[in-house]
Structure formats: structure tokens, C-alpha cells
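Just so it is clear, none of the values below were taken in a lab; they were calculated from the coordinates. Everything numeric here is computed off the predicted structure, so don't read it as measured data. Counting neighbours? That spans all protein chains shown, and the Cβs are built from the backbone with ideal geometry, glycine included.
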Amino acid sequence: MSSFNKVIILGNLTRDPEMRTTNSGLAICKLGIATSRISKGNDGETREETVFVDVDAFGKQAELIGRYFTKGRPIFIEGRLRLDQWETSSGEKRSKLCIVLENFQFIGSARFDDEPSDMSYTAPNSTPISLKRNEGIAVSAADNVLDDDVPF
């Protein structure tokens, strides 16, 4: 049986990214994204449906997101779904779907107004990525860590 697990989402951060580092030095960034869809119902009324999603990023991608993103900023994300399961202190079983980030892209340029006009990032075994004002940048999991390096 074949399977395919891919998510593409464009939205705004619902909170500032939460950064931490594992004992082995791997950066982990947790962020929340909200995305909205506007549609018209059968009655002609316009409706807005907002979806809130938790996202986990690792390695260099996590560091970049933690450094350049704040609450309200737009971000374009590609990733895969992961089911998190846990038990509360009262013994209730809980679960939620979240996204494990594989690629992301900066959207817009307002965040970079206080930064130098040219920033570069060179991932291992890749070509340099140059970021200038009013340009987008895409960062891939291939520039980052392998799935085997992710502690989940």
C-alpha cells in the first residue's frame, strides 16, 4: 500500500516562536500558525473559517525562524503531519496532529528592515542562499537535518 504525507500551508504566526536546544545541540523551534478561508454559504452570507496549527522545526531552519519571525508574521510552510499522543496527569489520553517542517519560505520583507540589506546562509553541501530586502528565501530540510536526526 502506498502512502503520501505532505502539507503545504501559508499563514501567520499566532505567537512568537519558542526556541530550545537538545543536549546534543539540535535547535528545536515550536510555532503556531493560523490560516483562514473565506467562503459563501448557501444563504449568501460570507463566512470565515480559521484553522490553528502547531509546527515543529529543527536545526538551522529552527534557528532562522527563531531569529527572524515574530507573532503576526506570514510564513509559507511545507512539511508532514505527525500525530502526538500523551496522557494527562488525570489519566486522560489526548492526541493532536501537528506539522513537522521540511521547508519554509519568508513572505514579505517588513521583518528585515532592521537587518543588514544582504544576509547569506550556506547550508552544508549546497550553494549559498542570499537574502536581500524584498526577496523571499526558501529553506529546505535537505539544508538542515535528516529524519533520523529528529528526536521524534
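Numbers for the structure displayed
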{"item": "ARG37 being basic (Lys, Arg), part of a strand (DSSP E or B) and more than 14 Å from CYS98 (Cβ to Cβ)", "result": "yes"}
{"item": "Tally of residues being in a strand (DSSP E or B) and among the hydroxyl-bearing types (Ser, Thr, Tyr) across segment 79-104", "result": "1"}
{"item": "Members of segment 10-34 found to be out of contact with any Pro (no Cβ under 9 Å at 6 or more places or on another chain), assigned to a strand (DSSP E or B) and surrounded by fewer than 17 Cβ atoms within 10 Å (Cβ to Cβ), listed by number", "result": "GLU18, MET19, ARG20, THR21, ALA34"}
{"item": "Residues located in segment 64-78, provided they are in contact (Cβ under 8 Å) with a residue 12 or more places away in the chain and either assigned to a loop (DSSP other than H, G, I, E, B) or surrounded by fewer than 18 Cβ atoms within 10 Å (Cβ to Cβ) (or both)", "result": "TYR68, PHE69, THR70, LYS71, GLY72, ARG73, PRO74, PHE76, GLU78"}
